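The values are calculated or read from the model by the stated rules, or taken from the named source; none is laboratory data. Only a predicted model underlies this, so the values are computations on that prediction, with no experimental measurement involved. Quick reminder, even Gly has a Cβ in these numbers, built from the backbone with ideal geometry, and neighbours come from all protein chains shown. Remember, those area values only see protein heavy atoms, side chains included, never the ligands or the DNA or RNA. Shrake-Rupley method; radii C 1.70, N 1.55, O 1.52, S 1.80 Å.
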Amino acid sequence: MKTIRYFILVLFAVSTVSCSERHFISDTEYRSTVDSLFNVRKQLFGTSDAFAFTENSLLTSEEYEAMQFLYAFMPLSDMADYDNGFFLQNVRLAFTARREMTWGKDIPEDIFRHFVLPVRVNNENLDTSRSVFYRELKPRIEHLSLHDAALEINHWCHEKVAYAPSDSRTSSPLATVRSAIGRCGEESTFAVAAMRAAGIPARQVYTPRWAHTDDNHAWIEVWVDGKWHYMGACEPEPVLDLGWFSAPAKRTMLLHTKVFGKYDAQDEVIAQTPCYTEINVTENYAPIKTVQIKVVDTQGKTVENATVDFGLYNYAEFYPIVSKTTNADGIATLTSGLGDLVVWVRKDNLYGFRQLKVSKQSELTLVIDRQSGDTGSFDYTLTPPSELPLTTKISDEQRQKNEERLQTENAIRQQYESGFYTKEKAMTLAKELKMDAEKVWLYLEASRGNYAEIEKFLRNVTPEQRYLALMLLDVISQKDLRDAPADILLHHLQFAEVYSKDFADSVFFARYVLNPRVANEMLSSYRNLFTTDEALRQKLRQNPEEALTFFRSYGTVNDALNPQRIPLSVKGFAFLKTGDAHSAGIAAVGFLRSLGIAARREPATSKWQYFFNGQWNDFSPEGKTVAVSQPQGKLLLDFTPDPTMKTPQYEVHYTLAKFANGKFTTLNTADDGTIFGEKDLVNKAFDLDTGYYLLTTGRRMADGSVLSHLEFFTVKEHKTLRVPLIIHSANEQVQVIGNINPEATMVLQTGLKPTTILQTTGRGYFVLALLEAKKEPVNHALHDIAAVASEFEKWGRPMVFLFPNKTELNTFDANEFKTLPQNIIFGIDEQAVVYNMLKTSMDLSARNLPIFVIADSFGRVVFISQGYRIGLGEQLLNVVKKL
């Protein structure tokens with residue numbers, strides 16, 4: 001976005017378009033709907049540069065209608081942060097791909113409109129990836145069929161990007177490619193962008209939360225030969241409809257996708273918003289059932305317009321996988337998988353809840369009969385959908401050929417990564433700039449493919465700014481280091497530097513004044529935008545409340561046109577002068593920081609705050625100050641350790657949620673994993689805002705089921721409340737569930753000749769694992785095991801981790817997982833001897849890695865886990881502690 005937008009290339013000329021030109025939207029009724037919605041947007045924002053449209057006779061009818069379609073449905077953030085030329089370029093590129101690719105003529109109009117044309121996939125920053133990707137992909141796929149092109153593009157994606165966990169902000173497709181890593185949401189956003197660049201209809205599919213394990217996942221679907229097929233993003237398989245998540249997807253409770261615009265879907269529509277249509281695609285993956293929720297009041301009368309949240313236990317909270325509204329008969333329905341939910345209903349600050357066993361119940365009546373202050377304890381045993389066999393299978397030859405391609409693609413990516421900044425080069429730069437060498441290397445190493453921007457930033461600061469420059473790099477996130485432009489970092493440093501002398505604590509200044517990031521917005525240069533009147537800036541700086549009054553008069557809040565809650569950048573808010581409440585809060589914090597006033601979004605409660613007179617003060621970006629200092633009491637969570645659990649972890653075993661407007665909202669941890677500055681809250685009194693709270697606890701069992709406990713209570717001002725932290729245990733004895741052959745052979749990393757499991761482990765219990773390198777399910781499992789490495793080391797028994805071949809073992813990098821237990825022995829399962837033994841002995845249905853087994857030297861198996869699972873380290877420990 002430029003301060004003065006260049007003379008718009010786009011300018012929509014309906015009246016001058018020849019009637020003989022081809023329509024982009026041939027359906028006259030839908031075209032009329034789009035036209036009406038576009039005109040509503042234009043009336044709302046026509047005074048801003050975003051709608052500085054002038055007639056342009058060079059635009060074809062198709063281009064005009066495509067642009068009109070995008071502007072009718074795009075979120076506010078896109079309107080604010082990207083200019084018309086950007087979207088016109090993408091429209092023309094989409095038409096080029098449709099014209100030049102052999103399958104383009106076969107894509108139906110509505111499929112192309114909703115699944116090829118849109119630039120946006122999820123909540124990522126947008127970029128010029130469509131043109132970059134098309135240039136690189138075209139010669140590679142233009143001779144292929146649509147089916148084969150989709151498979152080939154996924155191999156290309158794997159050459160570019162591998163899985164790595166990160167924070168929830170989604171990087172742009174090009175930033176993901178530069179970094180060569182991304183979490184599943186970024187891999188799938190990138191892969192959809194690549195498919196669409198080649199004219200292949202694609203969409204991102206999400207399970208908001210798994211039922212059998214903590215976490216969520218995203219992958220993609222491609223429209224091939226008249227049908228939607230799935231694939232793991234950047235995780236190519238030799239056929240469609242196969243991925244490591246195939247088995248977990250059969251146990252899901254909900255899978256959904258968001259379709260740009262108003263879409264006439266054959267599937268259940270979960271939500272229809274001004275920007276997108278959310279559809280339920282669960283039936284394409286798992287057994288389903290439609291359930292009906294009836295909501296009544298205490299008199300038995302049906303309640304219309306009540307909100308129904310379908311809560312799935314995950315990360316120690318009942319996450320609302322879907323929210324619906326009751327009709328005139330008090331009814332809301334959902335089609336879901338066959339596991340257990342806890343359904344919450346709310347209206348007018350009243351609420352109610354009950355467990356729903358979808359496999360056994362088709363209807364459930366809920367009474368809205370509870371209110372703030374009601375106490376009580378509730379226990380639930382929650383069961384996920386059952387495991388089912390895989391239906392898509394491939395031959396050993398197909399698997400071997402695909403594995404060979406994956407290794408080649410890994411090598412291509414690793415060759416690119418070898419060009420990242422080296423430590424030697426960082427030491428030289430630090431010496432040249434007279435900066436702390438270890439810190440310079442820390443930031444440049446973390447920047448990965450963005451190293452040129454970080455080096456440019458460091459080289460362009462003055463000698464007096466060098467200390468603050470390193471402070472700035474210290475407070476932004478790892479992902480910011482990977483995609484932040486140097487010019488934006490320099491802007492913030494140069495405008496904030498003048499205020500540094502007013503803060504005795506430089507870390508505090510860096511975190512809450514210098515820091516360009518507020519929440520999950522796109523970074524921008526904004527510190528000189530709201531006002532350039534220096535006298536006014538100095539006046540506002542002396543009184544944060546007066547500064548907020550100025551801010552509120554500058555812009556307005558409009559939640560309706562940003563249902564995805566994709567935040568506007570602070571610069572975008574300043575340009576459009578409106579945004580949703582979250583974006584307004586981000587902009588308000590940015591504005592206060594631009595005045596030298598420390599401000600933040602408090603991570604646990606998500607409250608907007610500024611620091612004044614020695615304390616944090618709450619404020620609302622759209623109204624009066626909430627409170628100078630909200631009253632607080634103290635809470636003590638009383639936990640008695642047991643042999644299987646010493647210290648419960650927040651967001652693993654328990655969470656706290658505060659009640660407001662009929663809804664409990666979970667208190668979140670900060671990026672460093674702390675909450676209220678603490679790593680854990682157990683057995684210590686801590687300050688907490690007064691109010692009504694829910695404590696949710698749970699212990700996930702090996703089969704994916706959960707033993708959950710809910711406790712409701714009220715925190716009062718100046719009072720200390722002791723609440724029992726109850727985490728149920730099944731207290732089940734370890735049982736033999738099968739037998740394996742401990743004489744099966746393998747090759748150890750340190751040896752050349754085959755040896756047996758028994759020779760390696762000796763007498764007693766051991767852990768045996770079959771792994772793959774650089775695969776997301778394996779990465780999750782090893783991160784979980786690394787988190788409790790010391791406990792496994794205390795146990796002391798061997799843990800034998802095998803890879804399928806020497807190439808996989810050499811590709812594996814143990815340093816990615818911090819500190820793995822020292823009692824791990826790595827090796828190779830040559831010719832799949834151990835895998836085939838396990839498959840036969842334990843009746844495994846498919847090669848779904850990782851596989852973890854706990855057995856003894858007689859071959860007696862007491863635990864087995866196959867495939868994707870979060871919290872595996874703790875589950876393994878729970879078993880070995882009972883042996």
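General remarks:
- By average C-beta atoms within 10 angstrom, highest first, the peptides 672-685, 215-228: 215-228, 672-685
- For Y499, the accessible area of its heavy atoms, probed at 1.4 Å with every protein chain present, is near 20 square angstrom.
- A straight line joining the Cα centroids of region 644-717 and region 174-199 runs 35 Å.
- Accessible-area ranking of R466, R699, largest first, probe 1.4 Å: R466, R699
- Reported label for calculated volume of the Cα convex hull per residue in Å³ given [x] 248; [y] 176; [z] 290: [y]
- Estimated vicinal HN-Hα couplings, Hz - region 387-395 in sequence order (Karplus 6.51, -1.76, 1.60; Gly, Pro = x): 5, 10, x, 6, 9, 8, 10, 10, 7
- Nearest-10 value in Å² for the accessible area of I851, using the 1.4 Å probe: 0 Å²
- Label sites at F686 and F420, each approximated as a point 7 angstrom past Cα along Cα to Cβ, lie 3.2 nm apart.
- Measuring between their Cα centroids, region 730-744 and region 784-827 lie 21 Å from each other.
- Counting only aspartates and glutamates at least 8 places from K401 when in the same chain, those with an alpha carbon closer than 19 Å to its own are D148, E152, E159, E235, E237, D241, E409, E772, E808, D829, E830.
- Between L254 and G337, the built amide H atoms are under 5 Å apart, and every one of these is 5 or more places off in sequence or on another chain.
- With all pairs of separate Cα atoms included, region 122-162 yields a Kirkwood hydrodynamic radius of 11.4 Å.
- Annotation note: trypsin sites (Lys or Arg not before Pro) in region 322-429 located in DSSP loop regions with a Cβ neighbour count of at most 15 within 10 Å are K360, K393.
- The chain - percent of accessible surface contributed by carbon and sulfur, probe 1.4 Å: 48 percent
- Accessible surface for the chain, divided over its residues, is 41 Å² per residue with a 1.4 Å probe.
- The chain, helix-only ellipticity at 222 nm - DSSP H runs n ≥ 4, -39,500 (n - 2.57), divided by all residues, nearest 500: -9500 deg cm²/dmol
- Each Lys or Arg adds one and each Asp or Glu subtracts one; over the other residues with Cβ under 11 Å from the Cβ of S188, this totals -3.
- Of the trypsin sites (Lys or Arg not before Pro) found in region 783-883, those in coil by DSSP whose Cβ has at most 15 other Cβ atoms within 10 Å are K818, K881, K882.
- In this label model, N810 and S553 are separated by 7.0 nm, measuring between points 7 Å along each Cα→Cβ vector.
- Note on the chain: with charges restricted to the Cβ of Lys and Arg (+1) and Asp and Glu (-1), its dipole about the Cα centre is near 980 debye.
- Estimated FRET transfer efficiency (R140, K439; beta-carbon r; R0 41 Å; 0.05): 0.50
- Across K479/K775; K258/K393; K250/K839; K262/K294; K425/K479; K160/K431, pairs whose alpha-carbon gap is larger than 25 Å: K258/K393; K262/K294; K160/K431
- Centre separation in Å (Cα based) which lies between region 512-556 and region 287-361: 42 Å
- The Cα atoms of region 741-883 cover 33, 31, 31 Å along the three principal axes, with the biggest extent listed first.
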